[in-house]
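Asker: Here it is, the structure in full.
The values are calculated or read from the model by the stated rules, or taken from the named source; none is laboratory data. All values derive from a computational prediction rather than experimental measurement. Glycine also receives a Cβ, built like all others from the backbone with ideal geometry; neighbour counts cover every protein chain displayed. Ligands, DNA and RNA are excluded from the accessible area calculation, which covers all protein heavy atoms including side chains. Shrake-Rupley method; radii C 1.70, N 1.55, O 1.52, S 1.80 Å.
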Number of protein chains: 2
Amino acid sequence: MSKPKVFEKPIGAKDYLPHAVGKLRQIENEVLACMRSWGYEQIMTPTMEYYDTVGVASATSDRKLFKLLNNRGTTLVLRSDMTAPIARVVSSLLKEAQFPLRLSYHSNVFRSIEEEAGREAEFFQTGVELVGDASPEADAEVVALAIASLQAAGVERFKIAIGHVGFLNGLFEETLEGYGEAEEELKACLLGRDYVGYRERLRALSLAEPIQRELEGILRLRGGQEICDQALQLSANATAQASIRHLCEMWDVLRAYGVCEHVMIDLTMIGDFGYYTGMTFEGYAADLGFPVANGGRYDNLLKQFGRPAPATGFSLKTTRILELIGDDSSLTEQRILIGYNAAGREAAFDEALRLRDSSDAIVVTEKMDAAARLDALAAAALALDTDGKVLYKGVSFGTFLPFFGEHDGGGAGQ
Amino acid sequence: MSKPKVFEKPIGAKDYLPHAVGKLRQIENEVLACMRSWGYEQIMTPTMEYYDTVGVASATSDRKLFKLLNNRGTTLVLRSDMTAPIARVVSSLLKEAQFPLRLSYHSNVFRSIEEEAGREAEFFQTGVELVGDASPEADAEVVALAIASLQAAGVERFKIAIGHVGFLNGLFEETLEGYGEAEEELKACLLGRDYVGYRERLRALSLAEPIQRELEGILRLRGGQEICDQALQLSANATAQASIRHLCEMWDVLRAYGVCEHVMIDLTMIGDFGYYTGMTFEGYAADLGFPVANGGRYDNLLKQFGRPAPATGFSLKTTRILELIGDDSSLTEQRILIGYNAAGREAAFDEALRLRDSSDAIVVTEKMDAAARLDALAAAALALDTDGKVLYKGVSFGTFLPFFGEHDGGGAGQ
């Protein structure tokens, strides 16, 4: 291994400069405030967890976990999501808290990646978990909150696709008994949205014609509430039927929330996470090819931590949303430069303090010798001819106060 | 190794429940806003860095670094402070940016710890770096900002002790030539604030009487500006004299900031960090035995990243401050519970939306069957007799709106 160069950072690691941090903080604050207004309270958990507890319970494949050893030789992981750590907290520190529990988080998570272009090993998620409520109302609440959260983040055009793992499981169970391998292949096609491959594999199985038609039919099960009716007719399997009824009830609740315009049903959708047990959903923004949110019901996770309970939730892919939205924070920012010399120092600091306390202004003070003062004056004079901003030492100031400390009254206004 | 139990988290790792998160977020937001108003712009860097770059340059001793291997077998570290990562960014992404650069951060950092009671392996720091300005004005600015930041965090009674590594280095260089080991021992005593041990070791050296007196004299060099005058007389060493003159000039600037009541000079102070090159300081809160802030000048770090520049900065020990301050956020919090059934669902959601949009209220909606509704009514009736708060499923609500969906007009007000 050659040594990394001094300016290098690890592959998949990212620095955020002030402008990006400003946007990220804006999304974080707006989304967390939205979640809070729905009764979700924020928690934080450690970056490192035991591999044998949270690592094993997480939905991330083992090879994508960052592992390290502590002093005692125990294997730790960097958290790969927040759902498993929150399940641990619900079962330990919060074990006396009554259900339903509404919890939110904003957190960085880690995935060990191959060196693919643009993939990040550390990224931010902002999400909620609603623990202890198995009802369609609870699932609809998290979907409605996902919609409100995307709006709070500034994402304008998006669609939430809702599916249910029980529908495909039930349908395949009914029609593909004994075709275990084929079932996995078909699911892999759906996961990859490879519908051509799905049809080809299906035909290669030479199934009875009605079954063939039934399994081809699911590719059309994407749309509005009418999809539920079609799906109920497609399969008589009890698991599939119960799943569809759950989605129908969710749809009624989502209509009451007034958010159906943002929602579609997509029964071809297979959650990427092995641990989803019911409804799953993904949020797509108009201008991006990958999800900006995903979530679903995971009723089997909590019992791994000793407190069995149904649960549902979602996370926004905050780092992706950051790339999607603009911001206008720098437009409203007021930057003031105060130059001074020793004689005017106290007055300059007093004025800076007054401005910082009485407004949102950003005030930078700088001791200026004669040369620096000439530079500042030249920059201010130049600004009068251009956009009114004073560029001083590479930083743009909207206001350049009269110099503090001279008796000649020099200095530049605006 | 026995397996950790499912509810366990690693030693030194901490969960923050909603109340603690609320306080931590409040400190974070107030302090970052304060730093921003002084012109410091926030940056974020990755949790993992290369051991050979940031790991080696950091001030943390090697055995306290958390290390892990990436896919290619390169050693990574979890950042142990933010100063070295920021130096890397200043020398790479920001290499075209003009000095002085004012940067701020709020970040978790990691230290591998022995299993001592109460020590944390991951904790938060909020701080600034002022890069490219070697003047006493710059050092005074970061001290004044540390004071403003502690006040913004809600710390009411505190003291900043300022020292200078050049003073002791100069003094020892002059008086202890050839006593290398003794010098290290004496410094260790000062670092541990073991003044009795310092005197004992000093006497054991059997130095000439004037030197003995000179080295004992530094124990008295703690106080206000008068200490500078005493120190100037104590040692004629050029390094020591230059250090003291720098502190004198800083004091003048701090007086202009109007913050001298919070500041003392302590020339016995030795920065814990090997890389400080000039002024160092520590902030002590009235009720805590350990520092809540520390900082200083580190003029040799940036050149390790290929862009030599003087720099000064500090970090608040945010996690410690959290333990120190109270908060009143829960007092002003308005929590509203809205019960509904299917018939009243849409009206209930509309009302929830209206309340969330038009106020800071936290609104929880819950579908209630007859039994749940009786529970809620009982809780509300009980509240009328007690403190006016409705305790429902373990959560305290200030307001319980009339039930949505019944025609009998039931439900409980306030």
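Asker: Of the residues B:254, B:267, B:171, which is within 20 Å of residue B:294 (Cβ to Cβ) and more than 14 Å from chain A (Cβ to nearest Cβ)?
Answerer: Every option except B:267 fails the conditions.
Asker: Does at least one position in region B:30-45 carry a residue that is of a type outside the set (Phe, Trp, Tyr), more than 7 Å from chain A (Cβ to nearest Cβ) and in contact with a Phe, Trp or Tyr (Cβ under 7 Å, 6 or more places away or on another chain)?
Answerer: No, region B:30-45 contains no residue that is of a type outside the set (Phe, Trp, Tyr), more than 7 Å from chain A (Cβ to nearest Cβ) and in contact with a Phe, Trp or Tyr (Cβ under 7 Å, 6 or more places away or on another chain).
Asker: Looking only at region B:142-171, count how many residues are under 18 Å from the mean Cα position of the chain (by Cα), open to solvent by 10 Å² or more (accessible area, probe 1.4 Å) and closer than 20 Å to residue B:255 by Cβ.
Answerer: Residues flagged as under 18 Å from the mean Cα position of the chain (by Cα), open to solvent by 10 Å² or more (accessible area, probe 1.4 Å) and closer than 20 Å to residue B:255 by Cβ within region B:142-171 amount to 4.
Asker: Answer yes or no as to whether residue B:384 is part of a helix (DSSP H, G or I), under 21 Å from residue A:101 (Cα atoms) and modelled with pLDDT under 85.
Answerer: No.
Asker: Given the criterion among the β-branched types (Val, Ile, Thr) and open to solvent by less than 20 Å² (accessible area, probe 1.4 Å), identify the matching residue among B:239, B:318.
Answerer: Unique residue meeting the criteria: B:318.
Asker: Follow-up question, since we're still on this one. Out of (1) open to solvent by 20 Å² or more (accessible area, probe 1.4 Å); (2) over 17 Å from residue B:48 (Cβ atoms); (3) within 7 Å of chain B (Cβ to nearest Cβ), what's the single condition that is false for residue A:89?
Answerer: Only one criterion is unmet by residue A:89, namely (1).
Asker: Select from region B:11-21 the residues that are modelled with pLDDT under 90 and open to solvent by less than 50 Å² (accessible area, probe 1.4 Å) and list them in ascending order.
Answerer: Scanning region B:11-21 gives a single hit, B:12.
Asker: For region A:225-252, which positions are part of a loop (DSSP other than H, G, I, E, B) and acidic (Asp, Glu)?
Answerer: none
Asker: Only one of (1) in contact with a Ser or Thr (Cβ under 9 Å, 6 or more places away or on another chain); (2) more than 24 Å from residue B:93 (Cβ to Cβ); (3) touching a residue at least 24 places away in the same chain (Cβ under 8 Å) is not met by residue B:20, so which one is it?
Answerer: All conditions pass for residue B:20, except number (1).
Asker: Pick from region B:49-61 the residues that are more than 7 Å from every other protein chain (Cβ to nearest Cβ) and under 22 Å from the mean Cα position of the chain (by Cα): which of them is surrounded by the fewest Cβ atoms within 10 Å (Cβ to Cβ)?
Answerer: Applying the filter and picking the extreme gives B:61.
Asker: Do any strands (runs of 3 or more DSSP E) lying entirely in region A:290-356 carry at least 1 residues that are modelled with pLDDT of 90 or more and closer than 15 Å to residue A:129 by Cβ, and which ones are they?
Answerer: Filter on region A:290-356 gives A:291-297, A:311-317.
Asker: From the set of residues in region B:351-368 that are touching a strand residue (DSSP E or B) at 6+ places or on another chain (Cβ under 9 Å) and of a type in the set (Asp, Glu), which is nearest to the other protein chains (Cβ to nearest Cβ)?
Answerer: Result: B:366.
Asker: Looking at the structure I just gave you, is residue A:103 within 22 Å of residue A:25 (Cα to Cα) and either open to solvent by less than 20 Å² (accessible area, probe 1.4 Å) or more than 10 Å from chain B (Cβ to nearest Cβ) (or both)?
Answerer: It is true that residue A:103 is within 22 Å of residue A:25 (Cα to Cα) and either open to solvent by less than 20 Å² (accessible area, probe 1.4 Å) or more than 10 Å from chain B (Cβ to nearest Cβ) (or both).
Asker: Might you let me know whether region B:37-48 holds any residue that is modelled with pLDDT under 95 and open to solvent by less than 20 Å² (accessible area, probe 1.4 Å)?
Answerer: No; the residues of region B:37-48 include none that is modelled with pLDDT under 95 and open to solvent by less than 20 Å² (accessible area, probe 1.4 Å).
Asker: State the number of residues belonging to region B:148-190 that are of a type outside the set (D, E, K, R), outside any helix (DSSP H, G or I) and at pLDDT 90 or above.
Answerer: The total comes to 8.
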